[in-house]
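The values are calculated or read from the model by the stated rules, or taken from the named source; none is laboratory data. Treat the numbers as computed from the prediction; the structure is a model and nothing was measured. With ideal geometry, Cβ positions are generated from the backbone for all residues, glycine too; neighbour counts draw on all protein chains shown.
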Amino acid sequence: MASDQEGSALSGVSRRNLLKQVGLGGAAATLTAAPVVESAVAQPSVTVPTPRREALETLTGAEADILEAVVARLIPSDANGPGATEARAAHYIDRALVGALRSSRADYAAGLEALDAYAQSKKGLAFARLSAADQDAVLTDMEKNVATGFTPNASTFFNLVRTHTIQGTFCDPYYGGNAEFVGWDMIGYPGLRLAVSADDQRLGARSTPVRQSAYDDSTFTMKGGSHGHRP
């Protein structure tokens, strides 16, 4: 978490610190890593594409718009490449809220409503309509637990969404995030390997990326296998 001396505006997840935390260990390592929020710095101007519209699993349209705006600031697109928006992290969260993360559905309903209300009270606009700088200021207030109107508090909801955004950016694409493997490309994870050649083990070797879900491998999809079939 950024200190008071580092500044009050959230600049998103630093790619440098994110790479330090994740390393080359793969997407699984990100599930427990907490990204370091740095002080505000001049960010390159980038055009973030409009998220692909698709049927929502559980979020309302208004909730999805807020969440899309939040994940875009937590792991932003920049001159170095795509971020959580392109990875479809919000889609991962929406999908997981009727699955593995279903226990968090009520927290999202209350938290996203509180976030939007706080943005309007502090900045005069709905969160999704704010400038990037104002969105960062709202998220920083949440991270520092000074934002009001949240249950049990703002930082709890901030950390919940941040954790799920990391998961959605770096997960196996089977779960609805990491679209086009942009998360794996960001951290240099080459993908699933069931065998490693001598060349792969050479010092400094760069493995050829394997661009498929683990669940596309026959080990997981074979008839009668212990992992069953893909839905």
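Observations
- Scope segment 184-205; condition closer than 30 Å to Ala89 by Cβ and either of a type in the set (Val, Ile, Thr) or without any contact (Cβ under 8 Å) to a residue 40 or more places away in the chain (or both); matching residues: Ile187, Pro190, Gly191, Leu192, Arg193, Leu194, Val196, Asp200
- Extreme residue, surrounded by the fewest Cβ atoms within 10 Å (Cβ to Cβ), among residues of segment 112-129 that are touching a residue at least 12 places away in the same chain (Cβ under 8 Å) and within 19 Å of Ile75 (Cα to Cα): Ala128
- Some residue of segment 122-145 being touching a strand residue (DSSP E or B) at 6+ places or on another chain (Cβ under 7 Å) and assigned to a helix (DSSP H, G or I): yes
- Hits in segment 152-195 - residues which are under 21 Å from Ala64 (Cβ atoms) and assigned to a loop (DSSP other than H, G, I, E, B): Cys171, Gly176, Gly177, Asn178
- Residue count, segment 196-231 (criterion: in a loop (DSSP other than H, G, I, E, B), of a type in the set (Ser, Thr, Tyr) and either surrounded by 14 or more Cβ atoms within 10 Å (Cβ to Cβ) or at pLDDT 70 or above (or both)): 4
- Among residues of segment 135-157 that are in the same structural domain as Gln120 (by TED's automatic domain parsing), those with a beta-carbon under 8 Å from a residue that is among the acidic types (Asp, Glu) at least six positions away or on a different chain give the pairs Ala147/Asp141; Ala154/Asp141; Ala154/Glu143; Ser155/Glu143; Phe157/Asp107.
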